[in-house]
């Protein structure tokens, strides 16, 4: 049966602004399926984003939505979550927004282990401004500001999140559509900071500069360059050369989350007052 | 029952004033000379069930208070010069998205790192023009520890009433001095909360101006769902580039403050009625100025003090009136003429405006002001 | 019921012509006509829902009861 995405889409907001073949729409569908599975209530759900193509996502979803300034989603979201710990707070955004200009907030959000989920749609480029290289553009790749090939090394966003202290980190791709909602559901159900990196495609500003002939070729590339963590266990280092792992990459149980810890601060302060 | 009296530092009074006003959320980043505000908030807020968070940077702190305010909390951040510069983009976000929040900036020397422990009054123009684009600006400039408390309460009230960020800018001297303060009883100073929507959630629009220029603000998590963006927006909160809407919305945001200036502006006139020389001053400089005015009067010089308590919006009309009957203005200030320029801008050349400027970390002392009065008499 | 054909609804005003649906359809039910997808061979549809799942533009619905 056809999936009823419309119940989470604000009336009259489609078609969305994303280019033909952009995977952000696939991720948004995954997010909606995840919200459904989780039984989220619209009034109690807050999606926070920064600036960029991916950060336009909240405008389409019918719940409390906050489209903030470039790079600041994690910090705004921290304020929302602190003020209302009972709300389900989800950050969404792109790789440049989250990990370059917003990198400081991103790592400290992970360090605090605040009970939110951050979904990074990593298309390896600044799409909205026309295709400048980002902090996750591969070395050697072409962008409008790397006409001779990118000299910068790229962030591994999942590793960054793990290193910074997130207690749940997963990676999916826009090609593996059925996996997206499953990863988001597991991330949200995890008590503590969860980061889901979705490897995405930008046919318009990345694909055409990097010899991808079509959207499908970019999608196939996501399929061919990724390996599920389970499958990787049985593969040799040679076989894993050039492959990126997908699935749940890290999960740490038992660490208290930030708003729970702050509730204890309030208890201690009030006990001291008496 | 006698009121609670304390000997407090200005920064401490700011934190207590915020809590009196109903603040339940503070996000900040350590910076001299404002840090005591964060320290006191970290102690006092959890006692009243409020939250304190030390963010990773100034931008994060500004962002977090806006997020908390949208979730219904009265929120405060505190900083000083370089921190104010860092916060500016997000202050602009608060202006366009119309989010009540209070920013306390304890003014120190600048630009850049400048003189972290030296007093200054050089952030005054940054309070109005620091963030890009046109936007409403409210800036309060208390001159005593008691006034820091009172004006912090008023700042929250104005932020909530006009749905906009409000700045409180004591200079370092006022922020760090210790004075006697009388705590008002609960309810003694009225505390204003933002207007909640009167319509049910399905009819709510976050920028609905059908009841006036200040749209009611619902809280995330209170049963209402809506969209907030830093893009120019329509009444339903969604972005637009339609010229007439963008023009009207920007004008409305500025009008919220301009049309309500009488309610927001606050100043004190000390011996201004018959004055030939009027000193226009604020913060610690106004304390030196009062001293100088008293000394001048003893020496037969008809001097007066116009003490700004609200700096923005600036009392342009009153300044113009006064300018018609005085021989000169003097603006003593710890900057290179920021207030001087504003006074000149509103008096249509009716009187000369002399400046006494310190950017050396030294306060303007009364003798300097008296000397200038004698020069211009 | 087994062989009842599904109904494939294409919302043309949403379709941006990326061709993901047509390319990944395992039985070539769909084809591109200019910049919009169209149903070419409904009989071949196995109701796998891949097209609906992968469409980034919310432009395809497969009703299969």
Report the label-to-label distance for residue B:262 and residue B:208 in nanometres (one decimal), using points 7 Å from each Cα along the Cα→Cβ vector.
2.9
Rounded to whole Å, √(5λ) for the Cα gyration tensor eigenvalues of segment A:185-253, largest first, gives 27, 19, 8
Would you mind getting the Kirkwood hydrodynamic radius of segment B:266-376 from its Cα pairs, rounded to one decimal in Å?
13.4
Per-selection Kirkwood Rh - chain B (Cα, Å, 1 d.p.)
21.2
Return A:214, B:122 ranked ascending by Cβ neighbour count within 10 Å, so the fewest neighbours appear first.
A:214, B:122
Inter-label distance for residue A:270 and residue B:274, nm, one decimal - labels placed 7 Å from Cα along Cα-to-Cβ
6.0
Residues in segment C:1-33, backbone N under 15 Å from the label point at residue A:1 (7 Å along the Cα-to-beta-carbon vector): list them, ranges by number please.
C:7
So how do A:120, B:359 line up by other beta-carbon neighbours within 10 Å, fewest first?
B:359, A:120
Going from the alpha-carbon gyration tensor of segment B:13-109, what semi-axes, largest first and in whole Å, does one get by taking the root of 5 times each eigenvalue?
18, 17, 11
Give the span of chain C's Cα atoms along each principal axis, as three whole-Å numbers ordered largest to smallest.
33, 18, 15
Against the longest principal axis of chain B, how steep is helix B:10-20, in degrees 0 to 90 to the nearest 10, with axes from Cα atoms?
40
Relative contact order for chain A: what percent, with Cα pairs under 8 Å and sequence separation of 6 or more?
17
Taking Cα atoms, how many degrees apart are the long axis of helix A:103-112 and the longest axis of chain A, rounded to 10 and kept between 0 and 90?
40
Would you calculate the separation in nanometres between label points at residue B:324 and residue B:199, each defined as 7 Å from the Cα along the Cα-to-beta-carbon direction?
4.5
Which part of segment B:54-82 falls in the paramagnetic zone of residue B:48, meaning amide N under 12 Å from the point 7 Å along Cα-to-beta-carbon?
B:74-76
Here the relative contact order (percent) of segment B:248-338, from C-alpha pairs under 8 Å and at least 6 apart, is 39
q = 0.13, 0.14 Å⁻¹: log10 I(q)/I(0) that the Debye formula gives for segment B:137-262, counting C-alpha atoms only:
-0.67, -0.75
I want to verify the translational diffusion coefficient of chain A in µm²/s; compute it with Stokes-Einstein, Rh as the Kirkwood radius over Cα pairs, at 20 °C and 1.002 mPa s.
113
Rounded to whole Å and ordered largest first, report the semi-axes of the equivalent ellipsoid of the protein assembly as shown derived from its Cα gyration tensor (root of 5λ).
55, 25, 24
So the angle from the long Cα axis of helix B:283-298 to the longest Cα principal axis of chain B, reported in degrees to the nearest 10, equals 30
Ranked by how many other beta carbons lie within 10 Å on average, peptides B:287-296, A:135-144 from highest:
B:287-296, A:135-144
What is the order of A:249, A:199, B:320, B:140, fewest Cβ neighbours within 10 Å to most?
B:320, A:249, A:199, B:140
Rotationally averaged projected area of segment A:1-106 (alpha carbon convex hull; nm²)
7.0
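Just so you know, all these numbers are worked out from the coordinates, no wet-lab data involved. All of these numbers come straight from a predicted model, not from anything done at the bench. Quick reminder, even Gly has a Cβ in these numbers, built from the backbone with ideal geometry, and neighbours come from all protein chains shown.
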